1. Glu30: net charge of surrounding residues, Cβ under 13 Å, Lys/Arg +1, Asp/Glu -1, itself excluded?
2. What trypsin sites (Lys or Arg not before Pro) does segment 1-52 have in DSSP loop regions with at most 13 other beta carbons within 10 Å?
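All of the numbers you see were taken from the coordinates with simple rules; none came from a lab. As the structure is a prediction and not an experimental result, all values here were calculated from the model. Here Cβ is always computed from backbone atoms with ideal geometry, including for glycine, and neighbour counts include all displayed protein chains.
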Amino acid sequence: MEFCEKCGALMLPKKQEKKLILKCRECGHEKATKSKPEYKVEYRIKHSPREKIVVVEEEGRTTEEVSEDERRERRKAILEHFESDD
């Protein structure tokens, strides 16, 4: 699993002109692969329709007020935090 160097989003494999590249889902950044990445699904979690994700935001602030740049910076900070734990 690889993450984008620019925005920190997950990069997905994509065929382009008979070559395999990794392309960012968010910003479109592309990266050539040296070998075919191997992906393996270890297990799947099945959720019932009653299970929902609850998102709690700061009071007085809506998601429309957060710019795309601020979202990218938050993602980068989260990614750096998890990489520093290793």
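1. Working: positive: Lys6, Lys14, Lys15, Lys19, Lys23, Arg25, Lys31; negative: Glu2, Glu5, Glu17, Glu26.
In short, +3.
2. Working: sites: Lys6, Lys14, Lys15, Lys18, Lys19, Lys23, Arg25, Lys31, Lys34, Lys40, Arg44, Lys46, Arg50, Lys52; in loops: Lys6, Lys18, Arg25, Lys34, Lys40, Arg44, Lys46, Arg50, Lys52.
Within segment 1-52, the qualifying trypsin sites (Lys or Arg not before Pro) (loop, at most 13 other Cβ atoms within 10 Å) are Lys6, Lys18, Arg25, Lys34, Lys40, Arg44, Lys46, Arg50, Lys52.
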